[in-house]
Amino acid sequence: MRFTWLFVTAALVAAGRPAAAQISVIPIRDLAFGPVIVGIPTSIGPSHPVRSGQFRLTAPLNSRLRFRLTLPTTLDGPAGAKLPISFSNNDGILVSSAPNSVPELFNPKANQVVQNVSSTTTNVFIGGTVSPAGNQQQGNYTGTITFTVTIF
Amino acid sequence: MRATVLSAVLAAGFSFGAVTLEAQTSADIQATATVLSAVTVTAGNDLQFGNVTPGVAKTVGIADAGAGRFDVIKAATQGVTLSFTLPTDLTSGADNLPIGSWTGGWNTSATPAGATTFTPSPAGTNTTATAGTTISVYVGATVSPAAAQVAGSYTGDVTMSVVYF
């Protein structure tokens with residue numbers, strides 16, 4: 001009898017636990033500003049077809065998901081040069097892969113809680129603005145954007 | 001005793017479940033930008049056909065003395081797109097002189113000799129990414145006066161826009 005209860009308890013725990021393998025986040029493309037001119041801010045919108053950043057999130061249907069983006073405030077360039085980068089409240093877009101899904105704007109600086117009711121796959125797009133100074137060091141700049149998802 | 005053990009098992013089980021009810025994963029992308037100096041374009045020479053004869057088409061090639069020229073200054077190692085707004089007629093008051101068959105050539109040297117040829121268009125032409133900091137762009141075309149072309153001085157604007165690609 002005791003072992004029966006043990007087994008039942010263990011089974012309940014296992015059934016209620018979402019396995020980490022059930023969710024995945026894949027980096028699809030970088031947020032690529034391309035050439036920017038000294039002294040001129042350049043923005044890339046989250047709906048830009050090739051330059052916006054993109055992640056693809058997969059989770060079981062009806063999962064409750066909390067996600068956040070860890071965003072840089074500067075990009076790193078040659079000889080320690082820094083290029084300011086900023087994100088507006090509408091620089092994020094969520095769109096399900098379900099037919100007729102409607103893209104939703106979100107604030108990439110804030111944590112988000114969503115439930116994927118229509119599809120197991122959601123694409124997350126991000127835009128931003130870089131603001132080179134008038135005397136900005138020329139060259140290539142990079143910074144890391146991290147997308148973290150928790151299923152609960 | 002049995003009840004005690006069962007409570008312990010349940011407590012351990014729920015504790016274990018509470019900890020693992022959340023699963024987390026993450027991924028990285030990069031934000032990238034290339035900072036460049038401003039690109040400038042200045043008008044060099046007008047495209048000049050000189051005197052033309054009614055009924056006789058006249059062509060100015062990119063290497064001819066009458067070729068139009070623009071000068072571009074840009075960042076090294078970065079290519080640019082050359083886009084044109086081109087007239088279909090030169091005008092003299094209410095009179096039109098058809099112009100077309102546009103030709104172009106760009107060169108990192110200030111000479112049309114050895115220029116890379118292209119067809120000027122609104123869609124734009126990319127130069128190579130390693131084309132130095134200065135580019136000279138030469139433009140030619142053909143005017144086709146009608147046999148009854150009204151005499152006069154005909155002009156039109158040729159506009160070139162340059163952006164990094």
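The values are calculated or read from the model by the stated rules, or taken from the named source; none is laboratory data. Keep in mind that what you see is a predicted model, and the values were worked out from it rather than measured. Ideal geometry is used to build each Cβ from the backbone, glycine not excepted, and the neighbour counts take in all protein chains shown. Surface accessibility is based on the protein's heavy atoms, side chains included, excluding ligands, DNA and RNA. Shrake-Rupley method; radii C 1.70, N 1.55, O 1.52, S 1.80 Å.
What to note about this one:
- Residue match in segment A:122-130 (condition: more than 10 Å from chain B (Cβ to nearest Cβ) and surrounded by fewer than 20 Cβ atoms within 10 Å (Cβ to Cβ)): yes
This table checks each residue for (1) in contact (Cβ under 8 Å) with a residue 12 or more places away in the chain; (2) of a type outside the set (Gly, Ala, Ser); (3) out of contact with any Leu (no Cβ under 8 Å at 6 or more places or on another chain).
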| site | (1), (2), (3) |
| --- | --- |
| B:56 | yes, yes, yes |
| B:60 | yes, yes, no |
| B:75 | yes, no, no |
| B:87 | yes, yes, yes |
| B:92 | yes, no, yes |
| B:103 | yes, yes, yes |
| B:111 | yes, yes, yes |
| B:125 | yes, yes, no |
| B:130 | yes, yes, yes |
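- Extreme residue, nearest to residue A:116 (Cα to Cα), among residues of segment A:35-87 that are β-branched (Val, Ile, Thr) and outside any strand (DSSP E or B): A:50
- Against the numbered list (1) surrounded by 18 or more Cβ atoms within 10 Å (Cβ to Cβ); (2) in contact (Cβ under 8 Å) with a residue 24 or more places away in the chain, residue A:106 comes up short only at (2).
- Residue count for segment A:135-152, restricted to those that are more than 10 Å from chain B (Cβ to nearest Cβ) and in contact with a Gly (Cβ under 6 Å, 6 or more places away or on another chain): 0.
- Only residues that are open to solvent by 30 Å² or more (accessible area, probe 1.4 Å) and of a type outside the set (Asp, Glu) were counted in segment A:22-44, giving 14.
- Yes/no for residue B:36 being farther than 30 Å from residue A:127 by Cβ and out of contact with any Cys (no Cβ under 9 Å at 6 or more places or on another chain): no
- Test: residue in segment A:107-117 that is in contact with an Asp or Glu (Cβ under 9 Å, 6 or more places away or on another chain), assigned to a strand (DSSP E or B) and within 13 Å of another protein chain (Cβ to nearest Cβ): no
- Summed over segment A:47-93, the residues that are closer than 16 Å to residue B:29 by Cβ and either surrounded by 13 or more Cβ atoms within 10 Å (Cβ to Cβ) or under 13 Å from the mean Cα position of the chain (by Cα) (or both) give a count of 21.
- Strands (runs of 3 or more DSSP E) enclosed by segment B:13-114 - at least 3 residues per element that are at the interface with chain A (Cβ under 9 Å from one of its Cβ atoms) and open to solvent by 20 Å² or more (accessible area, probe 1.4 Å): B:23-36
- Screening the candidates B:136, B:161 for the property of being in a strand (DSSP E or B), in contact with a Lys or Arg (Cβ under 7 Å, 6 or more places away or on another chain) and at pLDDT 95 or above yields one hit, B:136.
- When each of A:52, A:88 is tested for being touching a residue at least 40 places away in the same chain (Cβ under 8 Å), away from chain B (no Cβ under 11 Å) and on the phi < 0 side of the Ramachandran plot, the lone residue that passes is A:88.
- Residues being in contact with a Gly (Cβ under 7 Å, 6 or more places away or on another chain) and open to solvent by 70 Å² or more (accessible area, probe 1.4 Å) - total across segment B:137-156: 1
- Any hit, segment B:129-136, residues being open to solvent by 50 Å² or more (accessible area, probe 1.4 Å) and of a type in the set (A, V, I, L, M, F, W, C): no
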